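See below for the structure under consideration.
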């Protein structure tokens with residue numbers, strides 16, 4: 001059974017879940033019921049890692065440094081594909097497959113400023 005991991009943004013910083021749904025940030029820990037963030041602030045680990053072995057989460061901003069470092073993609077859930085895909089950052093489509101071996105996380109939708 002795959003353990004689901006989540007990341008939540010409280011407006012200032014990220015909290016990462018453990019296998020018991022306890023959200024951790026440094027030495028602080030809160031349960032989902034005690035947290036100040038809501039479910040809309042929670043991103044799921046998509047089960048893949050980037051070329052630097054970092055976990056890829058929904059709403060991460062990724063690039064393919066081997067092709068074009070300036071072309072940004074956002075990781076999104078695709079209802080049509082029933083899986084995670086990437087879209088050009090700031091655009092609704094086209095959705096394409098995430099080739100994690102060639103992708104690098106450069107931030108999140110909260111850290112990238114247009």
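Nothing in this text is a laboratory measurement; each read-out follows from the coordinates by a stated rule. Here the structure is a predicted model, which is why all the values come from computation and not from measurement. Note that each Cβ is placed from the backbone with ideal geometry, even for glycine, and that neighbours are counted across all protein chains shown.
Restricting attention to the range 37-68, which residues are part of a loop (DSSP other than H, G, I, E, B) and touching a residue at least 40 places away in the same chain (Cβ under 8 Å)? Within the range 37-68, 50, 51, 52, 54, 59 qualify. Tally time: how many residues in the range 21-36 are assigned to a loop (DSSP other than H, G, I, E, B) and surrounded by fewer than 15 Cβ atoms within 10 Å (Cβ to Cβ)? So the answer is 6. Please go through the range 69-81 and pick out each residue that is under 17 Å from the mean Cα position of the chain (by Cα) and not in a strand (DSSP E or B). Passing the criteria: only 79. For the range 101-114, the set of residues classified as over 13 Å from the mean Cα position of the chain (by Cα) and either outside any loop (DSSP other than H, G, I, E, B) or touching a residue at least 60 places away in the same chain (Cβ under 8 Å) (or both) consists of 101, 102, listed by residue number.
Considering the range 69-98, and only residues there that are free of Cβ contacts under 8 Å to residues at least 12 places away in the same chain and closer than 16 Å to residue 112 by Cβ, the residue that is surrounded by the fewest Cβ atoms within 10 Å (Cβ to Cβ) turns out to be 70. Somewhere in the range 4-13, is a residue surrounded by fewer than 16 Cβ atoms within 10 Å (Cβ to Cβ), under 15 Å from the mean Cα position of the chain (by Cα) and farther than 21 Å from residue 84 by Cα? Yes - at least one qualifying residue is present in the range 4-13. Of all the criteria given as (1) surrounded by 16 or more Cβ atoms within 10 Å (Cβ to Cβ); (2) closer than 29 Å to residue 99 by Cβ, the one not satisfied by residue 49 is (1).
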